[in-house]
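Every number here is computed from the coordinates shown, using simple stated rules; none is lab data. In this text the structure is predicted, and so the values were computed from the model without any measurement. With ideal geometry, Cβ positions are generated from the backbone for all residues, glycine too; neighbour counts draw on all protein chains shown.
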Amino acid sequence: MQEHTANIDQRRSLRLDMEKELIGLEWENDQHEIVKRQAMCIDVSNGGLKVNIDRRIETSGPVKVTFRDKQGSSNTMYAKVIRVTEIHDWFDIAMEFVEQGGEK
């Protein structure tokens, strides 16, 4: 007989419950213009995050990510885009957290 373990998260990193919360994103595009957008957070952990947004994030530089809690406090981190998937004219963007200068 096989032993079943239900709903055990095998990850060793901290996970934040930000699913379906709006977060702020800011980046510099290839034309050196600052772009600011809100995106739906799909998943976030110590290593990075995944968001759903109405446009592709086209930058090789860092993306400023701002999380806001229900009390109005905010926390800002930086990330770099590692994967973009288009789904019905919307984009799932996977990003890895980096130091403010760009790399981890």
Q | Amide H contacts under 5 Å for Gly61, placed H, 5+ residues apart | A | none
Q. So what's the projected area for the range 22-98, the Cα convex hull averaged over all directions, in nm²?
A. 5.0 nm²
Q. How much length, in nm to one decimal, is gained on full extension between Asn46 and Ile82, taken as 0.36 nm per residue of separation minus their Cα-Cα distance?
A. 11.4 nm
**Q.** Exposure proxy ranking, count of Cβ atoms within 10 Å, fewest first, for Asp89, Asp54
**A.** Asp89, Asp54
Q: Measure off 7 Å from each Cα along the Cα-to-Cβ vector at Asp89 and Gln31, then give the distance between these two points in nanometres to one decimal.
A: 2.1 nm
Q | Selection of GluC sites (Glu not before Pro), the range 29-104, meeting DSSP coil and at most 10 other Cβ within 10 Å | A | Glu33, Glu99, Glu103
